[in-house]
Amino acid sequence: MPSTPLIAPSILSADFGQLADAVHHLESAGADWIHIDVMDGHFVPNLTVGPPIVEALRKVTTLPLDVHLMMTNPDDFIGEFAEAGADYLTVHVEACPHLHRTLQCIKEHKVKTGVTLNPATSVSTLEQVASEVDLILVMSVNPGFGGQKFIPSCLEKISQVRQLLKRSQGPGLLEVDGGVNLQNAGAIIKAGADVLVSGSAIFGSDNYSQTIQQMRTSGETTTV
Ligand code: DX5
Ligand code: ZN
């Protein structure tokens, strides 16, 4: 676990006509990673970006690119995303009937492996891979859109994943994505999160730097 949580702003809330500027702004505001949401219109009811945007952003920042694949058949695109410069490729357990093979494929492309699960999917689906992934992402909204409300029952799920990571003694970081804001970040960190994804709460604030810093330290002042 990192000593202070990492903040990964999601560019889903950015102005897509000014993406490079948005990433520069986030970088100078102290973001740790850049979270890129890939949606295919099948696995989730929305369409966003693909490898060309990852490649373009790779050229404008040295921050790790955390690519969240909300798509069916992610295996078909792992090579392209790897070549585009993704640092993490995170796939959904619900979209991967051969999850172990998919993770092997990501490793073969020398990219860090991430696995994620929707709010209705049980933590038990991760048992067999928890010891070998670099990242477990707990979705705290149903994927597809930014600006949704954090689902409170996900706090218990974050604790369960933290226990699983402890038991399996793997290297994985625990990331949380969806509805994360300054009001709930402290509780999410206390429940065991290492990395917080946040889109609308950062992009909707007047001062990215202050919001990122407050989010990062909010676990220190939360007592629950
Ligand atoms: C939702 C995406 C999230 C989203 C988070 O499907 O995976 O990364 O951009 O946005 P906020 O923080 O607004 O919920
Ligand atoms: Zn995401």
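The values are calculated or read from the model by the stated rules, or taken from the named source; none is laboratory data. Here the structure is a predicted model, which is why all the values come from computation and not from measurement. In this analysis, Cβ positions are derived from the backbone assuming ideal geometry, glycine residues included, and neighbour counts consider all displayed protein chains. For the accessible areas, the whole protein counts, side chains as well, though only heavy atoms, and no ligand, DNA or RNA atoms are used. Shrake-Rupley method; radii C 1.70, N 1.55, O 1.52, S 1.80 Å.
Grab the strands (runs of 3 or more DSSP E) fully contained in the range 31-147, keeping just those with 3 or more residues being within 16 Å of ligand 1 (Cβ to nearest atom) and surrounded by fewer than 20 Cβ atoms within 10 Å (Cβ to Cβ). Write out each step before concluding.
Working: elements: 34-39, 65-70, 88-92, 112-117, 135-139.
Output list is empty.
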Note on the range 169-183: residues near ligand 1 (Cβ under 10 Å from one of its atoms) and out of contact with any strand residue (DSSP E or B) (no Cβ under 8 Å at 6 or more places or on another chain) are Gly179
Look through Leu12, Leu26 and report the one residue that is assigned to a helix (DSSP H, G or I) and open to solvent by 20 Å² or more (accessible area, probe 1.4 Å). Leu12
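Does the range 175-184 hold any residues that are free of Cβ contacts under 8 Å to residues at least 60 places away in the same chain and on the phi < 0 side of the Ramachandran plot, and which are they?
Restricting attention to the range 175-184, the residues satisfying the condition of being free of Cβ contacts under 8 Å to residues at least 60 places away in the same chain are 176, 178-184.
Result: Val176, Val180, Asn181, Leu182, Gln183, Asn184.
Suppose we filter Leu196, Leu165 for residues that are crowded, with 20+ Cβ neighbours inside 10 Å, within 16 Å of ligand 1 (Cβ to nearest atom) and of a type outside the set (Asp, Glu); which single one remains? First the steps, then the outcome.
On the way: Leu165 fails: within 16 Å of ligand 1 (Cβ to nearest atom).
So the residue among Leu196, Leu165 that is crowded, with 20+ Cβ neighbours inside 10 Å, within 16 Å of ligand 1 (Cβ to nearest atom) and of a type outside the set (Asp, Glu) is Leu196.
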Considering only residues of the range 186-224 that are among the small types (Gly, Ala, Ser) and without any contact (Cβ under 8 Å) to a residue 24 or more places away in the chain, which is farthest from Val161 (Cα to Cα)? Ser205
